[in-house]
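Chemist: Below: one structure in C-alpha cells.
The values are calculated or read from the model by the stated rules, or taken from the named source; none is laboratory data. The shown structure was predicted, so the numbers you read here are calculated from the model rather than taken from an experiment. Here the Cβ positions follow ideal geometry from the backbone for every residue, glycine too, while neighbour counts run over all protein chains shown.
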Amino acid sequence: MNFKGKVHKFGNDVNTDYIISGKYKFKTLDMRELAKHVMEDLDPDFYSKVVKGDFIVAGTNFGCGSSREQAPLAIINADISAVLAKSFARIFYRNCINTGLPVVECNTDLIDSGDQLEVNLSDGIIKNITKGIEIPIKPLPDVMIKILNDGGLAPHFKKYGGFNL
Amino acid sequence: MGQTIIEKILSSHSGQQVHANEIVVAKVDFVMGQDGTSPLAIRAFEDMGGKEVFDREKVAFVIDHSAPSPIEGVSALHKLMREFTRSKGFKMYDIGEGVCHQLIPESGKVGPGSLVIGADSHTCTYGALNAFSTGVGSTDLAGGLISGHLWFKVPETIKFVLNGVLPKGVYAKDLILYLIGDITADGATYMSAEYTGEAVSALSIEGRFTMSNMAIEMGAKAGLMEADEKTFKWLSRYTDKVFTPASADPDAVYAQVRNYDVSKLEPQIAKPHRVDNVCPISEVLGTPIQQAVLGTCTNGRIEDLRIAAELLKGKRIHDDVRFIVAPASKTIYLDAMNEGIIQTLVEAGAAVVTPGCGPCVGTHNGVPSDGENVISTANRNFKGRMGNSNASIYLASPATVAASALLGKIADPRDFIR
C-alpha cells in the first residue's frame with residue numbers, strides 16, 4: 001500500500017469525541033454525512049481542507065476515549081488515506097485495522113502541517129518530500145497484518161467462518 | 001512464573017498458560033452492545049455472513065445513550081436494534097432500563113473470573129467484580145456475537161497499591177481522578193491496571209465500579225480487583241451462579257508497581273478539557289457553575305444518590321443551577337424511591353431523567369449553552385462532550401457535585417459533611 005498526500009497535523013490525546021462528536025454519531029449510519037464533521041471541534045474547516053489521499057498526523061495517544069467505530073469510518077469517508085501518530089489508543093487502533101484504515105506508528109516530530117508525504121506500508125518507510133527525509137515505521141503485529149491483508153475483520157470472517165489467526 | 005489477574009483469566013479462557021505480550025484467541029462469557037455501537041455491529045454481522053448469535057443467553061443490546069430517542073435518525077437505529085434482537089432471539093434492554101454498565105453486572109451473568117467484551121469503552125467497569133471486561137468496536141463486537149471468541153494481546157499489568165483510609169468527604173471518584181492525573185491519559189495504554197491495598201478493600205462495590213470504570217481514562221484495557229466477601233454479597237442479590245475468581249500470584253510479574261497513601265487526599269476535580277487535568281478542589285473553589293449532573297456509568301449508583309441526598313436534605317439548590325439526576329438503572333431508581341432519596345433530591349430542585357447515560361454524551365437530557373460551566377460525576381470532560389464545544393465540564397464526586405449545586409459554584413463537600 002502506497003499513499004501520497006499532504007499533512008494535517010494535530011497534537012497529543014486527540015479523542016474520538018473530537019474525531020466525530022457524539023451529537024452526530026448517534027443519528028445515522030451514513031458515514032459520508034458523518035465525515036463532514038470530522039475533527040470539527042479542533043478545526044471547524046477540516047473537512048473542506050482535505051484533498052483525497054491526505055494524511056492526519058498527530059502526537060501520542062491518538063483516538064483515546066470512546067469505542068465508536070464511527071471514528072475510523074468517518075476518517076476514511078473524509079478521504080484521508082492513513083493516520084500517522086507517535087502512539088494510538090488501543091480500541092481505536094483495533095477498530096482501524098478491522099475497518100481497513102491504515103494506522104502508522106512513527107516519530108511524527110519531523111512532520112508539520114502542509115508537508116507532502118509518501119507512505120509505503122509494504123516497505124515500512126515514510127518519505128517527507130517537503131523536508132527531504134525518511135522516517136521508519138514501527139511494524140504492525142502479525143495478527144493485525146493478517147486481518148489487514150484480508151481487507152478487515154469482516155472479510156476475514158467471511159473467508160474463514162471465524163478467527164483464523 | 002506467576003500470573004497477574006488478567007493473565008489468569010486469559011489463560012482459563014484460551015486453554016493455555018499465557019503471559020504478557022502473547023496473542024490469544026479466547027472464549028468470551030458475555031457480549032454487549034449499546035445504541036451508539038450496535039447498529040454498526042449489525043451491519044458488520046451481516047457483512048461477515050453471520051446467521052445466529054453464538055449463545056442467546058450470553059449476549060445483550062442496551063439502549064441507553066439516547067434513551068428515549070430525541071430525534072428520528074436515532075429512532076430508526078433503535079428500531080433496527082429492536083428488530084435484530086427480536087429476530088435473533090436475545091435480550092434487549094430498552095429505554096428506561098438503565099446504563100449498560102450497571103445492567104450487565106445486575107444481570108448476574110458476569111462475575112469473578114469472567115471474560116466480557118462490550119462495544120463501549122467503559123466496559124472495563126466490571127473489573128470491580130474481578131471480571132476481565134474490555135471495550136471493543138462494532139466489528140470486534142460482531143465477531144464476538146457470531147463466534148463467542150475474540151483475539152487479545154495479553155497485556156502487561158500496572159499494580160496500584162492503595163494504602164491508608166480515605167478522609168471524610170473524599171471518595172473513590174476523588175481517588176481515581178487523582179490516579180489518572182498522576183499517571184496521565186496514556187500512562188497505562190495497552191496495559192491492565194490492578195487495584196489493590198487496604199483502601200480498595202474498604203471501598204463498597206459501588207466505589208469499586210467507579211474506579212474500574214475510569215481505567216480507560218488512563219488508556220488501560222482493564223481495571224481489575226480481587227474478589228472478596230463484598231463481591232459475592234453484592235452478586236448474591238442478582239444470581240446464585242458460582243464463579244471462579246482469578247487471583248494474582250505472589251510472584252506475578254508487573255510492568256510497574258505504584259504505591260499511594262490515600263489518607264491525606266483532598267476532593268479532586270478534573271478541569272476542562274482533559275480527564276487527566278486534575279487538581280485538588282482548593283484550586284478551583286468558587287468557580288461558578290450553571291449545571292450539575294449526578295449519574296452515568298461512573299457515579300449513578302445507589303450509594304452516589306444517597307450521598308447527594310444526605311447532603312441536600314431539607315435544602316434547596318442555587319437558583320442559577322440546573323441539577324440533573326440520572327439513576328444508573330431502574331433497580332437503583334426504585335431502591336432510591338424506597339429510601340426516599342428521589343423525594344429528597346426532587347424537593348431540593350433536581351430534575352430526574354430516564355435511567356441511562358443522561359446528558360453525558362451530548363445527545364439529550366441537558367446540553368449546556370455557550371460559555372456555561374458544568375460540574376458532573378461523569379468520566380469525560382472533553383470539549384464538546386456534552387454537545388456544546390463552547391461549554392466547560394468539571395468532573396467530580398457526587399458529594400462535590402451536590403455541594404456545588406447548592407452554592408452555584410464549585411464547593412467543598414467537607415464543609416457539609418459532619
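Chemist: Residue under question is B:A227, and the condition is that it be part of a loop (DSSP other than H, G, I, E, B) and within 22 Å of B:R301 (Cα to Cα); does it hold?
Modeler: When the stated conditions are applied, B:A227 passes them.
Chemist: Tell me, which residue of the range A:13-36 that is more than 10 Å from every other protein chain (Cβ to nearest Cβ) and basic (K, R) is nearest to B:K79 (Cα to Cα)?
Modeler: Looking at the filtered set, the residue picked out is A:R32.
Chemist: Next question. Counting residues that are over 19 Å from the mean Cα position of the chain (by Cα), which strands (runs of 3 or more DSSP E) fully inside the range B:253-299 reach at least 2?
Modeler: B:256-261, B:278-280
Chemist: Taking B:G49 as meeting all but one of (1) crowded, with 16+ Cβ neighbours inside 10 Å; (2) of a type outside the set (A, V, I, L, M); (3) within 14 Å of chain A (Cβ to nearest Cβ); (4) out of contact with any strand residue (DSSP E or B) (no Cβ under 7 Å at 6 or more places or on another chain), write down the number of the exception.
Modeler: For B:G49, the exception is condition (1).
Chemist: Here is a list: B:Y171, B:Y195, B:Y178, B:Y190. Which entry is within 14 Å of chain A (Cβ to nearest Cβ) and among the aromatic types (F, W, Y)?
Modeler: The conditions single out B:Y190.
Chemist: Any idea which residue in the range A:100-127 is nearest to A:I76 (Cα to Cα), counting only those that are of a type outside the set (D, E) and within 14 Å of chain B (Cβ to nearest Cβ)?
Modeler: Only one residue fits best here, namely A:L101.
Chemist: Then there's this: Any chance the range B:399-415 includes a residue that's modelled with pLDDT of 95 or more, polar (S, T, N, Q) and not in a helix (DSSP H, G or I)?
Modeler: No.
Chemist: Could you say whether any residue in the range A:86-99 is more than 14 Å from chain B (Cβ to nearest Cβ), among the hydroxyl-bearing types (S, T, Y) and either over 16 Å from A:G53 (Cα atoms) or surrounded by 21 or more Cβ atoms within 10 Å (Cβ to Cβ) (or both)? Lay out the reasoning, then the answer.
Modeler: Here is the first cut: in the range A:86-99, the residues more than 14 Å from chain B (Cβ to nearest Cβ) are none.
Checked against the condition, which is being more than 14 Å from chain B (Cβ to nearest Cβ), among the hydroxyl-bearing types (S, T, Y) and either over 16 Å from A:G53 (Cα atoms) or surrounded by 21 or more Cβ atoms within 10 Å (Cβ to Cβ) (or both), the range A:86-99 yields no hits at all.
Chemist: Within the range B:400-416, is even one residue over 18 Å from B:P288 (Cα atoms) and in contact with a Lys or Arg (Cβ under 8 Å, 6 or more places away or on another chain)?
Modeler: yes
Chemist: In addition: Please state which of the following conditions B:R208 fails to meet, knowing it meets all the rest: (1) in contact with a strand residue (DSSP E or B) (Cβ under 6 Å, 6 or more places away or on another chain); (2) surrounded by 20 or more Cβ atoms within 10 Å (Cβ to Cβ); (3) not small (G, A, S).
Modeler: Here B:R208 clears every test but (1).
Chemist: Given the conditions (1) away from chain B (no Cβ under 14 Å); (2) within 26 Å of B:T189 (Cα to Cα); (3) at pLDDT 95 or above, report the number of the one that A:E134 does not fulfil.
Modeler: (2)
Chemist: From the residues in the range B:148-157 that are assigned to a strand (DSSP E or B) and out of contact with any Phe, Trp or Tyr (no Cβ under 7 Å at 6 or more places or on another chain), which one is surrounded by the most Cβ atoms within 10 Å (Cβ to Cβ)? Before you say what the answer is, go through the steps one by one.
Modeler: First pass over the range B:148-157, keeping only residues assigned to a strand (DSSP E or B): B:149-153, B:157.
From the residues that got through so far, the ones that are out of contact with any Phe, Trp or Tyr (no Cβ under 7 Å at 6 or more places or on another chain) too are B:150, B:152-153.
Values: B:L150: 23, B:F152: 26, B:K153: 18.
Checking each candidate, the answer is B:F152.
Chemist: On to the next question. Can you tell which of B:N373, B:N338 is without any contact (Cβ under 8 Å) to a residue 12 or more places away in the chain, among the polar types (S, T, N, Q), at negative phi and away from chain A (no Cβ under 14 Å)?
Modeler: Sole residue among the options that is without any contact (Cβ under 8 Å) to a residue 12 or more places away in the chain, among the polar types (S, T, N, Q), at negative phi and away from chain A (no Cβ under 14 Å): B:N338.
Chemist: Can you confirm whether B:F323 is in contact (Cβ under 8 Å) with a residue 24 or more places away in the chain, of a type outside the set (A, V, I, L, M) and in a strand (DSSP E or B)?
Modeler: Spelling it out, B:F323 is indeed in contact (Cβ under 8 Å) with a residue 24 or more places away in the chain, of a type outside the set (A, V, I, L, M) and in a strand (DSSP E or B).
Chemist: Taking into account only those residues within the range B:11-46 that are closer than 17 Å to B:T244 by Cα and within 22 Å of the chain's Cα centre (by Cα), which is nearest to the other protein chains (Cβ to nearest Cβ)?
Modeler: Going through the qualifying residues, I end up with B:V28.
Chemist: Moving on. Across the range B:105-125, what is the number of residues that are surrounded by 24 or more Cβ atoms within 10 Å (Cβ to Cβ), more than 9 Å from chain A (Cβ to nearest Cβ) and in a helix (DSSP H, G or I)?
Modeler: 3
Chemist: Of the residues that make up the range A:46-59, is at least one over 27 Å from B:P368 (Cα atoms), within 15 Å of the chain's Cα centre (by Cα), within 12 Å of another protein chain (Cβ to nearest Cβ) and assigned to a loop (DSSP other than H, G, I, E, B)?
Modeler: Yes, the range A:46-59 has at least one match.
Chemist: Kindly indicate whether B:Y178 is among the aromatic types (F, W, Y) and in a helix (DSSP H, G or I).
Modeler: For B:Y178, the condition - among the aromatic types (F, W, Y) and in a helix (DSSP H, G or I) - is met.
Chemist: Can I ask one more? Given the conditions (1) in contact (Cβ under 8 Å) with a residue 12 or more places away in the chain; (2) within 28 Å of B:E22 (Cβ to Cβ); (3) surrounded by fewer than 24 Cβ atoms within 10 Å (Cβ to Cβ), report the number of the one that A:S66 does not fulfil.
Modeler: In the conditions (1) in contact (Cβ under 8 Å) with a residue 12 or more places away in the chain; (2) within 28 Å of B:E22 (Cβ to Cβ); (3) surrounded by fewer than 24 Cβ atoms within 10 Å (Cβ to Cβ), A:S66 misses (3) alone.
Chemist: Every residue in the range B:126-143 that is part of a helix (DSSP H, G or I) and either facing another protein chain (nearest Cβ under 10 Å) or of a type in the set (A, V, I, L, M, F, W, C) (or both), please. Lay out the reasoning, then the answer.
Modeler: So in the range B:126-143, the residues part of a helix (DSSP H, G or I) come out as B:126-129, B:138-143.
Correct list: B:A128, B:L129, B:S138, B:T139, B:D140, B:L141, B:A142, B:G143.
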